[in-house]
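These notes concern the structure reproduced below.
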Amino acid sequence: MFGSHLSIAGGLHQALLAAEALHLQTVQIFTRNQRQWTAPPFRQDAVLQFHSEASRLGFGQIVAHDSYLINLAAGDASLRRRSIAALAGELERCDQLGVGFLVTHGGAHGGAGETAGLRRMIDSLERVLKQTASRNAILCLETTAGQGTALGWKFEHLRAIIEAVRAEHRLGVCLDTCHILAAGYDITTERGMAATLRQFDRIVGRDRLRVLHLNDSLKPRGSRVDRHAHIGRGYVGLPAFSYICRQKRFAAIPKILETPKGFAPNGRLWDQINLDILEKLAAGKPVRIRSWRVEKGPARSAPADVP
Ligand code: FE
Ligand code: ZN
Ligand code: FE
């Protein structure tokens, strides 16, 4: 099932209507302004409208992405405390909306080292899960590009966290193709993608994978830099996407585009172009990537509210 990260500007349900217009089966949203620490509670009518549109569309597997301010591994105790409260609040918002999955980047150790960072992150997660014991949304740790001091760029980090957390049944994983390539995993061929998934299954566990982020990468393998590119127009390339889209085991898993928004030079929405490519790959059809010279333009054309 395909989806895209879409804006809630103008109302939460606007993301659902935009997903409908793109013929998507699911969507990813921020449930609030992701650049502020606090958010006003939802208005009841906004929640009702979201529920009614989601049920009209039959969207049962909606995904939310957490705020970038959150750092569960922060060295500063007050920042960590705020992060714990914010993430707990986001889990509650997901439950109010009936959103099943909350994707989080977790944290960055800020120079303290990965072992210390992971220890803090585990401790913070314990607190988040304890504070939200009655909540249903699954918290999905995202594989990161390992930019700066970000944790979660090795499958082993995710395993260490999941193993240590008591309420591990409430944890899942979101695998982002751009991030794992930037982190160093060789997914540039179908064989490489298959081998990387086998590694994931062995280290993290097959059933933990609850969400996929399908993004190509502007930066090469091992760069540890997180810059998303359109499908087939970056260093990941089509084989990885072809492999993923043809897997029966992923058929019911939300596969979310977080590629730049806006219009391509041919006047079509980039989301539509990227989605067409994924659907062709899923059907085993050939895909041709059109070259537009204008692409050499600014590397980052995504609006501010796209991961
Ligand atoms: Fe992502
Ligand atoms: Zn990213
Ligand atoms: Fe993300």
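The values are calculated or read from the model by the stated rules, or taken from the named source; none is laboratory data. As the structure is a computational prediction, the values presented were derived from the model and not from experiment. A quick note on method: Cβ atoms are made from the backbone with ideal geometry, for glycine too, and the neighbour counts reach across all protein chains shown.
For this structure, a couple of remarks:
- Residue within region 57-67 that is of a type in the set (A, V, I, L, M) and modelled with pLDDT under 95 present: no
- Of residues in region 220-237 being hydrophobic (A, V, I, L, M, F, W, C) and crowded, with 21+ Cβ neighbours inside 10 Å, the one farthest from GLU156 (Cα to Cα): ILE231
- Pair list, Cβ < 7 Å and 6+ apart or interchain, from region 152-177 residues that are farther than 12 Å from GLU126 by Cα to residues that are assigned to a helix (DSSP H, G or I) and among the aromatic types (Phe, Trp, Tyr): PHE155/PHE200; LEU175/PHE200
- Boolean, VAL211 is among the β-branched types (Val, Ile, Thr) and in contact with a Leu (Cβ under 6 Å, 6 or more places away or on another chain): no
- Unmet criterion (only one of (1) part of a helix (DSSP H, G or I); (2) β-branched (Val, Ile, Thr); (3) closer than 28 Å to ARG221 by Cα) for VAL128: (3)
- Meets criteria (among the hydroxyl-bearing types (Ser, Thr, Tyr), surrounded by 17 or more Cβ atoms within 10 Å (Cβ to Cβ), more than 14 Å from ligand 1 (Cβ to nearest atom) and modelled with pLDDT of 95 or more) for SER217: no
Residues checked against (1) aliphatic (A, V, I, L, M); (2) over 16 Å from PHE155 (Cβ atoms); (3) modelled with pLDDT of 95 or more; (4) part of a helix (DSSP H, G or I):
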position: ILE180; (1), (2), (3), (4): yes, no, yes, yes
position: ASP186; (1), (2), (3), (4): no, no, yes, no
position: ARG210; (1), (2), (3), (4): no, no, yes, no
position: ARG249; (1), (2), (3), (4): no, yes, yes, yes
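- Residues that are within 16 Å of ligand 2 (Cβ to nearest atom) and not in a strand (DSSP E or B) within region 85-122 comprise HIS105, GLY106, GLY107, listed in sequence order.
- Look at (1) in contact with a helix residue (DSSP H, G or I) (Cβ under 9 Å, 6 or more places away or on another chain); (2) more than 16 Å from THR132 (Cβ to Cβ); (3) assigned to a helix (DSSP H, G or I) and you find that ALA73 fails only one, number (3).
- Against the list (1) within 19 Å of the chain's Cα centre (by Cα); (2) part of a helix (DSSP H, G or I), the condition LYS280 fails is (1).
- GLU92 more than 16 Å from ligand 3 (Cβ to nearest atom), farther than 30 Å from GLY11 by Cβ and among the acidic types (Asp, Glu): no
- Enumeration of residues in region 158-176 that are in a helix (DSSP H, G or I), buried (at least 18 other Cβ atoms within 10 Å of the Cβ) and away from ligand 1 (no atom under 16 Å from the Cβ): ALA160, ILE161, ILE162, ARG170
- Looking only at residues of region 198-234 that are in contact with a helix residue (DSSP H, G or I) (Cβ under 8 Å, 6 or more places away or on another chain) and aliphatic (A, V, I, L, M), we find that the one that is farthest from ligand 3 (Cβ to nearest atom) is ILE203.
- Every residue from region 26-57 that is in a helix (DSSP H, G or I), charged (D, E, K, R) and exposed (fewer than 13 other Cβ atoms within 10 Å of the Cβ): ASP45, ARG56
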